[in-house]
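To start, the structure itself, in structure tokens.
The values are calculated or read from the model by the stated rules, or taken from the named source; none is laboratory data. All values reported here derive from a predicted model rather than from experimental measurement. Because the Cβ atoms are built from the backbone with ideal geometry, glycine has one as well, and the counts that use them run over all protein chains shown. Calculation scope for accessible area: heavy atoms of the full protein, side chains included, ligands and nucleic acids excluded. Shrake-Rupley method; radii C 1.70, N 1.55, O 1.52, S 1.80 Å.
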Amino acid sequence: MRQSILLLLLSVLAFSCRDKKPAPEAVVEQPQKASTTFYEVNQKVYVHAHFGLSLRKSPDPKAEKVGVAQYGEALEVVALPEADQTYVAETVDEFQLKGHWVKVKNADQKEAYVFDGYLASFPTIEEEPEEDMALPEWFYLTLSKFKGEREITPPNEKEGIVEGYKQAYQDGGEFELILYNGGVTQFLRIPTSTLSFSQALVVLRSFYFSNAKNLKIVRNAKTKKIKVNDTDNPYEWLEFEEKGDKVIVGFYSAD
């Protein structure tokens, strides 16, 4: 689990201006392609599997393993996959994480095949955010720019809210942070034109739990929400839900 997540609870106490350093440049504003892939030949893609991603000799999960692409590593697309040759990497109840085997090359010009369900067109975030900004809010700037100023959430003793805020983005996304007496809740409301449900799941579970050794993922058949947590820390978890044209991602941390 990113150790800095809990430390960033203090960020809600200081709503200062954001002029200390430039925000990360937004690198994706385009919707996903209708051809079932979000990338083109010669495009860079980035590994968002926090345990790394196997490089294989041929487009088959049983093919010879020729290496591992690490979390955050950049790969270049060599050839697009066949659209009808899909592979299911994970199944959780009725949810399936599907994708294709795409031919790529790494920085050493070594060519291999990887499963594209764990790739994204934007890099992972390694740097620390500004001191008055929560890490997910900082991360979302790689997807879209801010729209307007923060909307401050006033204290609410009845609901146990100490403080909080909302920040809108130009793509229609929104980040919300609420500090309670007994913990913190963070929400990212992401348009599906920016990230699909599967992409949000892959990217954000690694983002929040990049240091976890044992991730657990379950799906609630009634609510259809998917819950992810580090089994070594039962007091922090993620929930993913698709509502209309938005993917709602909630991070919950209890004292």
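Being out of contact with any Gly (no Cβ under 8 Å at 6 or more places or on another chain), open to solvent by 10 Å² or more (accessible area, probe 1.4 Å) and within 16 Å of SER58 (Cα to Cα) is true for just one of GLU94, GLU111, GLU127. Which residue is that? Break it down stepwise before answering.
Values: GLU94 fails: within 16 Å of SER58 (Cα to Cα); GLU127 fails: within 16 Å of SER58 (Cα to Cα).
None of the other options fit; the residue is GLU111.
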Quiz item: Can you name every residue in the stretch 82-114 that is under 30 Å from LYS222 (Cβ atoms) and acidic (Asp, Glu)?
Solution: GLU90, ASP93, GLU94
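If a residue has to be aliphatic (A, V, I, L, M) and either in a loop (DSSP other than H, G, I, E, B) or open to solvent by less than 40 Å² (accessible area, probe 1.4 Å) (or both) to count, how many in the stretch 151-167 make the cut?
Restricting attention to the stretch 151-167, the residues satisfying the condition of being aliphatic (A, V, I, L, M) are 152, 161-162.
In the following step, the residues that additionally are either in a loop (DSSP other than H, G, I, E, B) or open to solvent by less than 40 Å² (accessible area, probe 1.4 Å) (or both) were identified as 161.
Summing the residues that are aliphatic (A, V, I, L, M) and either in a loop (DSSP other than H, G, I, E, B) or open to solvent by less than 40 Å² (accessible area, probe 1.4 Å) (or both) in the stretch 151-167 gives 1.
Which of the strands (runs of 3 or more DSSP E) found entirely inside the stretch 168-255 contain at least 3 residues meeting this: open to solvent by less than 30 Å² (accessible area, probe 1.4 Å)? It would help to see each step written out before you state the result.
On the way: elements: 174-180, 183-191, 215-219, 226-230, 236-243, 246-254.
Fully inside the stretch 168-255 and qualifying: 174-180, 183-191, 226-230, 236-243, 246-254.
Quickly run through the stretch 78-91 and pick out the residues that are farther than 17 Å from ALA49 by Cβ and either of a type in the set (A, V, I, L, M) or surrounded by 13 or more Cβ atoms within 10 Å (Cβ to Cβ) (or both).
Answer for the stretch 78-91, where residues must be farther than 17 Å from ALA49 by Cβ and either of a type in the set (A, V, I, L, M) or surrounded by 13 or more Cβ atoms within 10 Å (Cβ to Cβ) (or both): VAL78, ALA79, LEU80, PRO81, ALA83, THR86.
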Self-check item: Filtered residues of the stretch 45-62 (kept if farther than 13 Å from GLU111 by Cβ and either touching a residue at least 40 places away in the same chain (Cβ under 8 Å) or open to solvent by less than 40 Å² (accessible area, probe 1.4 Å) (or both))
Solution: VAL45, TYR46, VAL47, HIS48, ALA49, HIS50, GLY52, LEU53, SER54, ASP60, PRO61
